[in-house]
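**Student:** Below: one structure in structure tokens.
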Amino acid sequence: MTDPRTDELKDRLQRVHQRIETACAAAGRLDRPELIVVTKYFPAADVQRLYQLGVRQVGENKDQEAAAKAAHTAISTAGLNWHFIGQLQSNKAKSVARYASAVHSVDRGKLITALSKAADQALQEGQRTAPLDCLIQVDLREPGVDDGRGGAVPAKVEELAAQVAEATGLQLKGLMAVAPLGEPAEPAFDRLQQLASSLRGAHPEAHWISAGMSQDLEAAVASGATHLRIGRDVLGSRPYPG
């Protein structure tokens, strides 16, 4: 017997999966993007409900919240993968390396150095069993602006990717981006797809494209996204902290 919240999540999850199926069909894709459910501001109980409904990939934006939820649900959610998708300070790398399977927001050399050190230490101490998957976050605004809002300008992608590829404890997986505000998502995601194709020429293993949220998942699917980061349409409006 399930509770009303689980029933609600099940219904929302089914509708999102249907949107993904429809988007794949419209784009002529036979492969299906991975759904990452973003649980930011929602309680650990919702993570456990999602796990019971078959979700195995969840995303978080803030280390303090993510670390607490990961610890709280560790025993009851074996096999659940935590994706860190928010801006990350270098001093939080040690914490993130203990629970995250992937970091989608790598955008500067100092952070790569910190994550490499932390992930390598976690591997040696048995806190990890595999390298930390890393995606370079790209700022898709045109022209590119290096203003500290998160994301590397496209011209820096190859340099950062090479640094990740050479770092111990890390595994280069691909690119992540958010569609710029006030701009149609389609051309932005097309630019991301082109950058991803170029990156794969030098790093064939970097095949992930993390793009698309509740409002633009169809555009992301059409542009080849391999991972979708969906929060609101699965969990509802966020209960923002006061």
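**Student:** How many residues does region 108-120 hold that are open to solvent by 30 Å² or more (accessible area, probe 1.4 Å) and either of a type in the set (A, V, I, L, M, F, W, C) or touching a residue at least 40 places away in the same chain (Cβ under 8 Å) (or both)? So that I can check it myself, show each step before the final result.
**Tutor:** Of region 108-120, the ones open to solvent by 30 Å² or more (accessible area, probe 1.4 Å) are 108, 110, 113, 117, 120.
Remaining after also requiring either of a type in the set (A, V, I, L, M, F, W, C) or touching a residue at least 40 places away in the same chain (Cβ under 8 Å) (or both): 108, 113, 117, 120.
Residues in region 108-120 being open to solvent by 30 Å² or more (accessible area, probe 1.4 Å) and either of a type in the set (A, V, I, L, M, F, W, C) or touching a residue at least 40 places away in the same chain (Cβ under 8 Å) (or both): 4 in total.
**Student:** Report yes if some residue within region 190-207 is open to solvent by 60 Å² or more (accessible area, probe 1.4 Å), farther than 17 Å from Gly86 by Cβ, among the aliphatic types (A, V, I, L, M) and modelled with pLDDT of 95 or more; otherwise report no. Write out each step before concluding.
**Tutor:** Step one: list which residues in region 190-207 are open to solvent by 60 Å² or more (accessible area, probe 1.4 Å), which gives 190, 193-194, 197-198, 200-201, 204-205, 207.
Filter once more, keeping what is farther than 17 Å from Gly86 by Cβ: 190, 193-194, 197-198, 200-201, 204-205, 207.
Add one more test, that the residue is among the aliphatic types (A, V, I, L, M), and what stays is none.
No, because not a single residue in region 190-207 is open to solvent by 60 Å² or more (accessible area, probe 1.4 Å), farther than 17 Å from Gly86 by Cβ, among the aliphatic types (A, V, I, L, M) and modelled with pLDDT of 95 or more.
**Student:** I'm trying to understand the selection: among the residues of region 76-90, which are β-branched (Val, Ile, Thr) and either within 28 Å of Thr113 (Cβ to Cβ) or within 14 Å of the chain's Cα centre (by Cα) (or both)? Walk me through it before giving the result.
**Tutor:** We begin by selecting, within region 76-90, every residue β-branched (Val, Ile, Thr); these are 77, 85.
Hit for region 76-90 is Ile85, nothing else.
**Student:** If I ask for residues that are touching a helix residue (DSSP H, G or I) at 6+ places or on another chain (Cβ under 7 Å) and either open to solvent by 30 Å² or more (accessible area, probe 1.4 Å) or under 15 Å from Ala66 (Cα atoms) (or both), which ones from region 93-106 would you list?
**Tutor:** Ala93, Lys94, Ser95, Val96, Ala97, Arg98, Tyr99, Val103
**Student:** Residues being surrounded by 15 or more Cβ atoms within 10 Å (Cβ to Cβ), hydrophobic (A, V, I, L, M, F, W, C) and in a helix (DSSP H, G or I): count how many of those fall in region 28-57.
**Tutor:** Residues flagged as surrounded by 15 or more Cβ atoms within 10 Å (Cβ to Cβ), hydrophobic (A, V, I, L, M, F, W, C) and in a helix (DSSP H, G or I) within region 28-57 amount to 3.
**Student:** Would region 58-75 turn up any residue that is at pLDDT 95 or above, in a helix (DSSP H, G or I), in contact with a Pro (Cβ under 8 Å, 6 or more places away or on another chain) and not charged (D, E, K, R)?
**Tutor:** no
**Student:** Of the residues Gln171, Gln163, Gln193, which is of a type in the set (S, T, N, Q), touching a Pro at 6+ places or on another chain (Cβ under 7 Å) and in contact (Cβ under 8 Å) with a residue 12 or more places away in the chain? Can you show your working first?
**Tutor:** Values: Gln163 fails: touching a Pro at 6+ places or on another chain (Cβ under 7 Å); Gln193 fails: touching a Pro at 6+ places or on another chain (Cβ under 7 Å).
On inspection, the qualifying residue turns out to be Gln171.
The values are calculated or read from the model by the stated rules, or taken from the named source; none is laboratory data. Not measured: the values here are computed from a predicted model. For neighbour counting, all protein chains shown are included, and Cβ atoms are generated from backbone atoms with ideal geometry for every residue, glycine included. Ligands, DNA and RNA are stripped out before the accessible areas are found, and what is left, the full protein with its side chains, is counted by its heavy atoms. Shrake-Rupley method; radii C 1.70, N 1.55, O 1.52, S 1.80 Å.
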